[in-house]
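Below: one structure, written as structure tokens.
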Amino acid sequence: MNADFLDYAELYMKSGNGGNGSVAFMRFNINSKPEPTGGDGGDGGNIILRSDKNIRSLHKFRFLHHIKAGPGEHGQNNNKKGASGKDALVEVPVGTVVYDEKRNIVYDFRHDREEVLLLKGGRGGLGNARFRNSKMNRPRFALKGEITDKSRFILELKILADIGIIGFPNAGKSSLISAISNAKPRIADYPFTTIVPNIGIVIAGDEGDFIVADIPGLIEGAHKGKGLGHKFLKHVERCRALLYLLDPASHEGISLSEQYKKLKNEIFRFNESMAEKPSMCAVNKTDLIEGRKPRIGIPGTMFISAKERTGLSALVHTMKKILDENPPAVTISRKEIFVYEQGLLVEEVEKLSDGMFRIHGRLEKTIKQIDFRQEDAAYFFRRYLKKEGVDKILKKHGLKDGDTIIIGDEEFDYFSEGD
């Protein structure tokens, strides 16, 4: 990790609008009737998220807040369909959690190269060739492309590590991770030296490799957000096991047993379930206590010196053993479509007064695709309402010929004759 680490971003996204269908005719010779040849519009582009193990932060979203996919092209003559809009592919780090505006989880990226279709592009409109039937040979009507809406999503990065190292400031977490892994953190002797989690791969030879992360120093009240508590405690949620690292030379004069209790308490108060994670305990800086092993009442406590690199082989072996005893839960990589606009064609019928009805639901979106200035638009929309059973729904509420129906911004009178 580096100083550019960013673990939270809010993005406004918009999938591409569908292209409009076209109205076109072709005459083969002077005596033939014109044939409808208007092509369909292309579908709008999708918003797709994909995880990439080589990306380590959400830094690129610091100044990139709006993402928009390409619109579909309009249909053309000779039944030529418009090209689909270009998808917007957004790459995020493994460990990214995607939330909607209500903080519901949309997707949780836990593996490399996972993809999720976040917002589907609008469907392309239909050309007039689609509407030819026995009653109308030359329809002068085409369907506009579907209009999509903007949606806001929140991206949050939670680090994926096998073991999280927990300790108060200056307990030596950065020194330890540097000594046992390939991580190269910046180390200095003052509180909150580490302002981002450091991640390292421990090469354990025949025992297998694993990932460790040092979680920046906790202080009392971290579970309430004091200091940078919430910012870093959330990363502990993803760790399979925890190493509590204690400091015998604590400048606060806190005993080792009290340090352990306070650290456990901060974890528990932040998320009760995390206190049940498999854990181990180690006392660092034994070079400062002249080989003495103070009693702290915690079974299996190990004594190490990251500075002198003593006791580290045994610690790595214990880390690997606890991981082997607690294998990761099986995660099924799922493909999931999340479309912000959902619901039935008719979700609600509002009777405003005698002879006036307002419809709420997906139909409000569909009607935006229709250009009522076109000659046959009203006819085809009336047939559409009948085909989809909308008129039956309204008749249950007392709809009769001559009544007014309001859908979105459109208002028209209903007549059943001639269907």
Accessible surface of residue 274 - all protein chains present, 1.4 Å probe, nearest 10 Å²: 10 Å²
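Please list the three semi-axes, largest first and in whole Å, of the ellipsoid equivalent to region 345-403, using sqrt of 5 times the eigenvalues of its alpha carbon gyration tensor. Can you show the working numbers first?
Details: eigenvalues 77, 35, 25 Å².
So the equivalent ellipsoid measures 20, 13, 11 Å along its semi-axes.
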Fraction in percent of alpha-carbon pairs per bin - 10 Å, region 106-163: 16, 27, 19, 15, 12, 7, 2, 0
Enclosed volume per residue, in Å³, of the convex hull spanned by Cα atoms of region 246-303: 81 Å³
Principal axis box of region 43-86, alpha-carbon based, largest edge first, Å: 49, 21, 9
Candidate residues 25, 168, 61: accessible-area rank, largest first, probe 1.4 Å: 25, 168, 61
Mean Cβ count within 10 Å, highest first, over the residues of peptides 91-101, 279-289, 36-46: 36-46, 279-289, 91-101
In order through region 82-87: 3J(HN,Hα) via Karplus (6.51 cos²θ - 1.76 cosθ + 1.60), integer Hz, x for Gly, Pro: x, 5, 6, x, 6, 5
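Please report, in cubic angstrom per residue, the volume enclosed by the convex hull of the alpha-carbon atoms of region 9-118.
Working: hull volume 12.6 nm³, N = 110.
Convex hull volume per residue, Cα atoms: 114 Å³.
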Exposure of residue 384 as accessible area (Å², to 10), given a probe of 1.4 Å and all protein chains: 70 Å²
Residue 156 accessible area, assembled protein chains, probe 1.4 Å, Å²: 20 Å²
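Per the Cauchy relation, a quarter of the hull surface: what is the mean projected area of the convex hull of the alpha carbons in region 375-418, in nm²? Before the final figure, lay out the partial values.
On the way: hull surface 13.1 nm².
Result: 3.3 nm².
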Virtual spin-label span in nm between residue 352 and residue 204, 7 Å along Cα→Cβ: 6.9 nm
Hz values of 3J(HN,Hα) by residue in region 106-120 - Karplus curve (6.51, -1.76, 1.60), Gly and Pro given as x: 8, 7, 10, 7, 10, 9, 6, 6, 6, 10, 9, 7, 7, 9, 8
Under-5 Å amide H pairs with residue 68, H placed in peptide plane, nonlocal only: 14
Whole-Hz couplings from phi, Karplus 6.51/-1.76/1.60, listed for region 383-394; x for Gly and Pro: 5, 5, 4, 5, 4, 8, x, 5, 5, 5, 4, 5
Long-range HN-HN contacts of residue 283 with modeled amide H, under 5 Å: 246, 302, 303, 304
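The values are calculated or read from the model by the stated rules, or taken from the named source; none is laboratory data. Predicted, not measured: the structure shown is a model, and the values here were computed from it. Quick reminder, even Gly has a Cβ in these numbers, built from the backbone with ideal geometry, and neighbours come from all protein chains shown. Heavy atoms of the whole protein, side chains included, go into the accessibility calculation; ligands, DNA and RNA do not. Shrake-Rupley method; radii C 1.70, N 1.55, O 1.52, S 1.80 Å.
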